[in-house]
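Asker: I am attaching a structure below and will ask some questions about it afterwards.
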Amino acid sequence: MLRFTRSALTGTRVSSLRGVRHASSTPRLARRNLALVSGGVALGLGTLWASKIHADSAAVVTNPRAKNDPDATRSPFGTLVRAYVVYSMCSIPVLVDSAPWILQTFSSIPGIKWITEAIVRVTFFDQFVGGDTATETLPLLQRLRSANTGTLFAYSVEVDEAEAMAASTTASSEHSPYKAIVDEMVHCIDVAADFEDALDAKETGRRTWVAVKLTALVPDASALIRLSSHILSTRPRSPVAFPGNPTPSDLDVLYSPKPTSSPSPLTPTDIATLRDLHTSLHRICTHAAARGVRIIVDAEYSWYQPAVDAYALALMRRFNALGSGTQQPLVYATFQAYLRRTPEHLVHALRDARKHGFALGVKLVRGAYHTHEMAAHPSAASEGKPMLSISPDILPPVWAEKAETDATYDACAALLLDAAAADAKSRRPQSIGILFGTHNWTSCRKILAGLEERGLAVRTSDGNKLSVPERVGERVTFGQLYGMCDDLTQYLADRMESSTPMVIKYVPYGALSEVMPYLSRRAIENKSVLGGGTAQAERKRAWDLMWARIFG
């Protein structure tokens, strides 16, 4: 059972999941994978044909099943066929689970690689990725904005650790692969800012943000695990469940190492790497502050999270300081509702921000790695199986049941709305910003109702929309993944009347050959979003729109 982070679209390296082996290496499953992928190729070729012939077919809608759907008049016919094909594939669990093996195997066969990449490009790439480069996504950003929707950029290229380490020993650090990613993120900020400048968006209405994933910015992601272990061993014990609450002293070891009663897992190389990461993050956030672009720090697996929390807290204290003159908040941290710690962690974060005078940026998601988290915890250990978890708790860090995650999400959303209401009604500088990342209709409707109940929005004269004042629009935003749940995105965009978009799409980008690992894992990580009949519903929606387009 996996859930959206939503991600928080994410992208942890394959090599960081060595303890999670896929069963597709067996001959029987391999043959089944071949059979399944052959069907996928046929569907993909059909998409290629349809997109060439019907790419710009006009939409004349008379079918009542589709006439109220904005996409019925906006989506080219080929786009609808692609969505139908992709969600048909996503409805086959074994095909989704085998996606990493399929892509890796077929991409390594000479003569087959180009066919595989061609199929992936016109299916999953075009469905879930905005383009090969940040600049190439600009037409998409414009289309989204014309539909009253903003964008959360995510450069989703992943660095192979062996390649990065080799580069670090053969070339200067300024030209290593992970440094190139830092450079690209700075460029991405410029693209986002230039797009907003062209719209003549004022400082308080800019809705093109940038996501940052820490494991992509270091040559060896295991250094973050060792930092997490060090933090846990030196931080005062807390009743809050793992991974606990971050403290301002969590990064002290990088600058003033002190002897401890137990040896630290951090090596001198780790210290240098982690200092360099801190410098890179400061560079990214400083440039973002200068260009008026907000930064979202994505969540990671729980064995990275203490380190990720430490960096996020340090960045918020530095760049979200009240009275700093920048838009507030500039930096957002990600809070995952499937972690058992989250209710207490969120209360602590709100109090800490008020006490120390900085704005709290919160991206609230359900969580993306439930299956991996459960399997990695020592309670699930089997003899000879390596465990990635560093949790000292008896229970896994995540809730066992989805209903618990759903209840936690809605409770945290209510707490955040209370904080936003108190902040919006005060005369103090803005001290909170919230991004509700969710594909759940029930949660979205509860949040909309909560806005009205707290006086953060009022119904328009016709009763069909919620009018949201600017001071609230700067504090509350919704988000969904690009290529998914577009009907929910459009519902939210149409439901709220505001001076700036109240909903954004998480838009990853990167060259096809570089984002293939992202796409394969995205298929698996999105199973929770596509489960419970969601994939079938998306497929049916695409079918209804195609039917309306053809037969009227």
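Asker: Pairs of Cα atoms under 8 Å, at least six residues apart: use those to get the relative contact order of segment 248-321, whole percent. Provide the component values of the computation, followed by the final result.
Answerer: On the way: 26 pairs, mean separation 29.8, N = 74.
Relative contact order for segment 248-321 comes out at 40 percent.
Asker: How would you order 419-428, 497-506 from highest to lowest mean count of nearby Cβ atoms within 10 Å?
Answerer: Details: 419-428: 15.3, 497-506: 21.8.
Order by mean packing, descending: 497-506, 419-428.
Asker: Any idea which of LEU227, PRO265, GLN305 is furthest toward the positive side of the dipole for segment 204-324, if Lys and Arg beta-carbons carry +1 and Asp and Glu beta-carbons -1?
Answerer: GLN305
Asker: Mind giving me the FRET efficiency for ALA198 and SER238? R0 is 60 Å, r the Cβ-Cβ distance, nearest 0.05 is fine. Mind showing how you got there, number by number?
Answerer: Working: r = 47 Å, r/R0 = 0.79.
Step by step, r from the Cβ atoms, then E = 0.80.
Asker: Around LEU360, which amide H atoms from residues at least 5 apart in sequence, or from another chain, sit under 5 Å from its own amide H, with H modelled in the peptide plane?
Answerer: ILE432, GLY433
Asker: Using each residue's phi in segment 93-106, evaluate 6.51 cos²θ - 1.76 cosθ + 1.60 at θ = phi - 60° and report the 3J(HN,Hα) Karplus result to the nearest Hz, with x for Gly and Pro.
Answerer: Running phi through 6.51 cos²θ - 1.76 cosθ + 1.60 with θ = phi - 60° gives x, 5, 5, 5, 5, 8, 3, x, 5, 4, 5, 5, 5, 6 Hz.
Asker: Sticking with this one: Spelling out what I want: for every residue of segment 470-480, take phi, set θ = phi - 60°, compute 6.51 cos²θ - 1.76 cosθ + 1.60 (Karplus), and round to whole Hz; glycine and proline get x.
Answerer: Going residue by residue, I get 4, 5, 7, x, 6, 9, 10, 9, 9, x, 9 Hz, with x marking Gly and Pro.
Asker: For a quick check: with amide H placed at 1.01 Å from N, whose amide H comes under 5 Å from LEU481's, ignoring anything fewer than 5 positions away on the same chain?
Answerer: TYR506
Asker: Here's another thing I want to ask about it. Testing the spin-label approximation: label points 7 Å from Cα along Cα→Cβ at LYS540 and SER426. State their distance in nm.
Answerer: In this crude label model, LYS540 to SER426 measures out at 4.7 nm.
Asker: For segment 188-196, what does the Karplus curve 6.51 cos²θ - 1.76 cosθ + 1.60, with θ = phi - 60°, yield as ³J(HN,Hα) per residue in whole Hz, taken in order and with x for Gly and Pro?
Answerer: After applying 6.51 cos²θ - 1.76 cosθ + 1.60, I find 4, 4, 5, 4, 4, 5, 4, 4, 5 Hz.
Asker: What is the magnitude of the charge dipole of segment 377-476 about its Cα centre, with +1 placed on the Cβ of each Lys and Arg, -1 on the Cβ of each Asp and Glu, and no other charges, expressed in debye to the nearest 20? Before the final figure, lay out each step's value.
Answerer: Details: 12 positive and 13 negative charges, 95 e Å.
My answer is approximately 460 debye.
Asker: Hey, can you grab everything whose amide H is under 5 Å from the amide H of GLU497? Only 5+ residues off in sequence or another chain; H modelled, so Pro and N-termini drop out.
Answerer: LEU466, SER467, VAL468
Asker: Another one. Under the rule a/c < 1.5 gives rounded, and otherwise a/b versus b/c splits prolate from oblate, where does segment 271-369 land using the Cα gyration tensor?
Answerer: Oblate is the answer for segment 271-369, as a/c is 1.5 or above yet b/c matches or exceeds a/b.
Asker: Right, another one. Tell me, what % of the accessible area of segment 254-356 is carbon and sulfur with a 1.4 angstrom probe? Mind dumping the intermediate values first?
Answerer: Numbers: 2190 of 3870 Å².
Of all accessible area on segment 254-356, carbon and sulfur atoms account for 57 percent.
The values are calculated or read from the model by the stated rules, or taken from the named source; none is laboratory data. Small disclaimer: the values here were computed from a predicted structure and weren't measured. Cβ atoms come from the backbone with ideal geometry, glycine included; neighbour counts cover every protein chain shown. Each accessible area value is taken on the protein alone, full model and side chains, heavy atoms only, with ligands, DNA and RNA left out. Shrake-Rupley method; radii C 1.70, N 1.55, O 1.52, S 1.80 Å.
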